[in-house]
Amino acid sequence: MKDIEKFNKIFPIYSGLSGDLLFWVAIDSLFLTVVKQFTASQIVSVTSISLIVCILLQIPILKIIKVLGNTKSVRLGSFLLLLSSLLLTFGNNYAIVVLGKVFSEIAFTFQNMTSAILKNNLSLQQRDKEYIQIKTKSNTIYAIATMVISFIASPMFNCNNYLPMLGCIFFCFICFILSFYIVDFSKYDKIESEGEKKEKSKIIYNKVIIMMIISYGLFYPIINSGQSNGKLFIQQELLKIFDVDKTALIIGAILCTSRVVRVASNLAFNKIHNKYKDKVGVILPVFLCCSIVFMIVGSFISSNIIIKFTIMSIGYIIILFIRDPFKVYIQDLALNSVGKKEQQSLLTTIELSRKIGRAIMSLCFTLILINNPMIVVISILLILSIIEIMISIKLYRLVLISKVI
């Protein structure tokens, strides 16, 4: 009992601090450009290659997860994140840096098992309904950490180019230590135990699960692309009017504001979900569509630059507001849609859909931007966000029907 109480206290901290490679996400392009002397094409290819490799390795990774179980998978994921931070920091050539990024992508697939562990342990305590509350608390810790890092990463980098990455290694090491307290106390930790007959439990891909995978596989790549390309879109518009120094200051202010809003969204999401329940699955995609509309509309305003960039900034900030809540909602829906034995497979499949969508979108947009302006990419994102709304409405109706049945 003491062990599970310790888990309850440590889980939000661990989950929050291991949500990404802290510090790296704040200075990755700058670090690769200044320290590693990578070209723009090399920087883009690092992400593309790591995603493709991870997609190709999904089946072997899932088999490893089934053999190791949830608990050991999370520890392996934490170790891979630590190894990734070391390779990214001290790797002296392109191949080693790519390997470091590949390890980080693989690590996050293993890390997804934290959701299954939390759900299983809450079930043991008859606290199943607290899943969203605890995951939201974890996301709040992550949002606060990244917000603070967004303020201090650049000054640290200016002081010493390697200082932020040493911070990254430190947090990865702390998370590796904490991972030994993230234990699945249920009998579903390791589905295929040694010495037992392996009963293959397959997911029944009903309409709810299929639409959920499609919805997540489209929503998150739009979010990722909207966040990166949206920032670049606003930056291009700013450079038409201001010099580089003023543009950097304004972009910095927008990013810091968006981080604060991200914290607020995580603090508020539990109450929002309690009020609207499954409707949030439709509300969040609608907000996603609105965010892209704001950026497009703002770009065409030329009479008043304050209104122009305020509207574009609101669009960008909305993306950060809805990012974490949608992931929490879909993971909760997924874990409630299958039995304990199918959780590992479904969580891995959902993550795979995100990676495939992100890889396809990234490669397509890279080709489009060779001969077309950024507004073309943003317009395509708008069309995709409208499709996402239609998918989310269909998913909402299917969820309602399944609950009635």
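The values are calculated or read from the model by the stated rules, or taken from the named source; none is laboratory data. What you see is a predicted model; the values in this text were computed from it and never measured. For neighbour counting, all protein chains shown are included, and Cβ atoms are generated from backbone atoms with ideal geometry for every residue, glycine included. Heavy atoms of the whole protein, side chains included, go into the accessibility calculation; ligands, DNA and RNA do not. Shrake-Rupley method; radii C 1.70, N 1.55, O 1.52, S 1.80 Å.
In segment 214-287, the portion of solvent-accessible area held by carbon and sulfur atoms comes to 66 percent [1.4 Å probe, whole percent, DNA, RNA and ligands not counted].
Specify whether the C-alpha gyration tensor of segment 258-340 places it in the rounded, prolate or oblate class, a ≥ b ≥ c being the square roots of the eigenvalues: rounded for a/c under 1.5, otherwise prolate if a/b is larger than b/c and oblate if not.
Because a/c hits 1.5 or more and a/b exceeds b/c, segment 258-340 counts as prolate.
In the assembled protein chains, Glu237 presents an accessible area of approximately 20 Å² (probe radius 1.4 Å). Helices that extend 20 Å or more along their long axis by alpha-carbon positions and average at least -1.0 on the Kyte-Doolittle scale are, among the DSSP H runs of the chain, 2-17, 40-56, 70-90, 94-111, 131-159, 163-178, 207-239, 244-276, 280-300, 305-337, 343-371, 374-404. Straight Cα distances below 19 angstrom link Lys341 to the lysines Lys63, Lys66, Lys72, Lys119, Lys187, Lys190, Lys197, Lys198, Lys200, Lys202, with same-chain residues fewer than 8 positions distant left out. Only DSSP H runs of four or more residues enter the estimate; each adds -39500 (n - 2.57), and after division by the residues of the chain the mean residue ellipticity at 222 nm equals -28500 deg cm²/dmol.
As a test of reading the structure, rank Cys256, Cys159 by solvent-accessible area (1.4 Å probe, protein chains only), most first.
On the way: Cys256 30, Cys159 105 Å².
Greatest to least solvent exposure: Cys159, Cys256.
Looking at segment 321-381, the pairs of alpha carbons with a distance over 17 Å make up 56% of the total.
Which whole number in µm²/s is D for segment 30-106 by Stokes-Einstein, with the Kirkwood Rh taken over Cα pairs at 25 °C and 0.890 mPa s?
Details: Rh = 13.2 Å.
Using the Kirkwood radius from Cα pairs, D works out to 185 µm²/s.
Using C-alpha positions alone, give me the convex hull volume of the chain per residue in cubic angstrom.
Working: hull volume 57.4 nm³, N = 405.
Once divided by residue count, the hull of the chain is 142 Å³.
P(r) tail for segment 74-148: Cα pairs beyond 21 Å make up 45% of the total.
Normalized C-alpha radius of gyration of segment 1-138, against 2.2 N^0.38 Å? Provide the component values of the computation, followed by the final result.
On the way: Rg = 17.1 Å, N = 138, 2.2 N^0.38 = 14.3 Å.
With N residues counted in segment 1-138, Rg over 2.2 N^0.38 Å equals 1.19.
Accessible surface for Tyr205 stands near 110 Å², nearest 10, in the context of the full protein assembly shown (1.4 Å probe). The base-10 log of I(q)/I(0) for segment 147-285, evaluated at q = 0.11 Å⁻¹, reads -0.80 [Debye formula, identical scatterers on Cα atoms, solvent excluded].
Stokes-Einstein, applied to the Kirkwood radius of segment 286-405 over Cα pairs at a viscosity of 1.002 mPa s and 20 °C, places its translational diffusion at 128 µm² s⁻¹.
Which whole-number value in Å² is the accessible area per residue of segment 28-149, probe 1.4 Å? Write down the numbers at each step before the final one.
Numbers: 4770 Å² over 122 residues.
Per-residue value: 39 Å².
For segment 59-206, with all protein chains in place and a probe radius of 1.4 Å, 65% of the accessible heavy-atom surface sits on carbon or sulfur. In this simple spin-label approximation, Asn161 and Arg397 carry label points 7 Å from Cα along the Cα→Cβ vector, and these lie 5.7 nm apart. Max-minus-min Cα coordinates of segment 208-357 on each principal axis give 57, 33, 23 Å, with the largest extent listed first.
Tell me, what is the FRET efficiency for Gln125 and Ser45 to the nearest 0.05, using R0 = 51 angstrom and their Cβ-Cβ distance as r? Display every interim value, and only then the final one.
Values: r = 46 Å, r/R0 = 0.90.
That gives a FRET efficiency of 0.65.
For segment 90-215, just say rounded, prolate or oblate: build the C-alpha gyration tensor, square-root its eigenvalues into a ≥ b ≥ c, call rounded for a/c under 1.5, and beyond that prolate if a/b exceeds b/c, oblate if not. Taking the square roots of the gyration eigenvalues as a ≥ b ≥ c, segment 90-215 is prolate.
Over segment 220-271, consider all pairs of different Cα atoms and compute the Kirkwood hydrodynamic radius from their mean reciprocal separation; express it in Å, one decimal. Value: 12.4 Å, from the Cα pair sum.
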